[in-house]
Amino acid sequence: MGSPAGNGSLPGSAGETLTGRPAEPWQPFDNIRLPIVLLDTDGRFRQANSAAEQLLGLSRQQLVGTHLIESLLSAGELVPAVHRFDTSQESVLVKNTLVITRDNCEHRMDCWISNAAGDSGCVQLEWHPAYEEPLTEASIEQRQILTLVRQVLAHEIRNPLGGMRGAAQLLEKALDDPALIAYAKVIMREADRLDALVERFSAASGNGQTAAANLHRVLDQAAEIVVLEAPGLQVTRDYDPSIPEIQADSAALKQLFLNLIKNAAQANAGAITLSSRVIHDQILQRRRHRLAVSVKVRDDGDGVPEDIADNLFLPLVTGRRGSGLGLPIALDIARRHGGELSYHRQKTGSCFKLVLPPGPGHDR
């Protein structure tokens with residue numbers, strides 16, 4: 001491709017192409033749900049489908065004739081990758097090329113660069129949600145750590161706890177001093193608490209059996225529990241009523257949402273927004289889904305400290321008082337359901353996004 005054009009005034013006004021004519025609809029690409037654009041040899045937009053208009057927040061009339069580097073994209077490595085693209089290549093995948101802020105959240109996307117069919121010298125860009133991120137080397141290592149910690153908790157901690165509790169029970173029966181009996185009961189109570197914590201992390205708070213579940217009902221149940229503990233917390237619901245029942249372990253899913261909402265409350269949030277949407281063309285755990293369900297938990301609290309943001313889902317990592325197991329458990333539940341859980345930085349507060357496949361019968 002050629003060099004980027006200068007940053008001077010662009011030919012044509014908004015709503016016109018370089019030739020002064022309005023941009024025409026781009027059939028059949030307007031029927032494709034993935035954002036696709038066509039660039040000419042100077043790196044300027046020649047066409048964009050409807051999905052790209054939504055993604056970029058600009059109409060095709062506004063896009064056509066503008067340069068990629070002058071658009072509203074935070075393109076990262078995309079611009080140099082486009083100009084390095086060799087037209088003899090079939091296609092090139094550039095990961096995490098685009099960061100778009102919507103609802104004060106960041107969204108990373110992958111982009112396929114390829115030759116445009118029937119347009120010599122032009123390239124086509126096609127964006128996909130970057131849900132392959134959990135399959136990176138770092139995330140694979142994270143999964144291995146989670147597995148190792150689960151095994152250590154189950155075998156090296158739970159077994160000694162059982163012995164300690166049994167010994168405390170024997171002491172309680174053998175002792176006559178009420179003060180010493182009280183100490184024995186403290187040992188038993190704390191042993192039970194730790195055992196329950198290990199059980200939660202080992203079994204992800206569910207029975208592993210899935211059934212049809214109303215996602216919004218599960219969300220509401222989790223929110224109600226947290227509001228009882230933090231009465232001043234304001235919860236706003238922004239639900240997509242078209243979301244069907246999904247196949248899920250309701251108890252485990254409730255625990256996932258409970259962990260996320262409790263985290264927000266403990267981070268001094270005064271308001272939480274729960275939103276749900278049907279989204280299209282998602283890749284979850286190496287499987288492509290035509291339809292998926294997205295749930296966001298956004299808050300206006302203190303946010304996540306920068307020094308732990310990259311390791312947020314590892315066990316025992318926490319910026320506040322607590323076990324540091326809430327988010328690892330939530331991530332484990334999401335993955336057991338075939339989905340993914342991610343954290344998105346905000347200027348204020350935090351945003352956690354859960355993406356789940358809806359289950360059999362909804363993904364054809």
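The residues of segment 158-178 that are outside any helix (DSSP H, G or I) and either surrounded by 14 or more Cβ atoms within 10 Å (Cβ to Cβ) or touching a strand residue (DSSP E or B) at 6+ places or on another chain (Cβ under 6 Å) (or both) amount to a single one, Leu175. With the requirement that a residue be surrounded by 21 or more Cβ atoms within 10 Å (Cβ to Cβ) and closer than 16 Å to His128 by Cα, what does segment 39-70 give you? Selection gives Ala48, Asn49, Ala51, Ala52, Leu55, Leu56.
Residue-by-condition table, conditions (1) of a type in the set (Phe, Trp, Tyr); (2) at pLDDT 90 or above; (3) surrounded by fewer than 16 Cβ atoms within 10 Å (Cβ to Cβ):
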| residue | (1), (2), (3) |
| --- | --- |
| Ser205 | no, no, no |
| Glu229 | no, no, yes |
| Leu256 | no, yes, no |
| Ala264 | no, no, no |
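Search segment 354-364 for residues being crowded, with 18+ Cβ neighbours inside 10 Å and in a loop (DSSP other than H, G, I, E, B), and hand back the single one that is modelled with the lowest pLDDT. Per the stated criteria, the residue is His362. Looking across segment 315-353 at every residue that is modelled with pLDDT of 70 or more and assigned to a loop (DSSP other than H, G, I, E, B), the one that is surrounded by the fewest Cβ atoms within 10 Å (Cβ to Cβ) is identified as Lys347.
Residue-wise test of (1) in contact with a Ser or Thr (Cβ under 7 Å, 6 or more places away or on another chain); (2) among the charged types (D, E, K, R); (3) at pLDDT 85 or above.
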residue	(1), (2), (3)
Thr19	no, no, no
Trp26	no, no, no
Arg33	no, yes, no
Leu39	no, no, yes
Phe45	yes, no, yes
Asn49	no, no, yes
Leu72	no, no, no
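Annotation: Ile246 fulfils all but one of (1) surrounded by fewer than 17 Cβ atoms within 10 Å (Cβ to Cβ); (2) within 19 Å of Ala292 (Cβ to Cβ); the unmet one is (1). Note on segment 252-295: residues that are in a strand (DSSP E or B), over 30 Å from Cys111 (Cβ atoms) and either without any contact (Cβ under 8 Å) to a residue 24 or more places away in the chain or in contact with a helix residue (DSSP H, G or I) (Cβ under 6 Å, 6 or more places away or on another chain) (or both) amount to 2.
The values are calculated or read from the model by the stated rules, or taken from the named source; none is laboratory data. Bear in mind that the values here come from a model prediction, so they are computed numbers and not experimental data. Don't worry about glycine lacking a Cβ; one is built from the backbone with ideal geometry, like all the others, and counts go over all protein chains shown.
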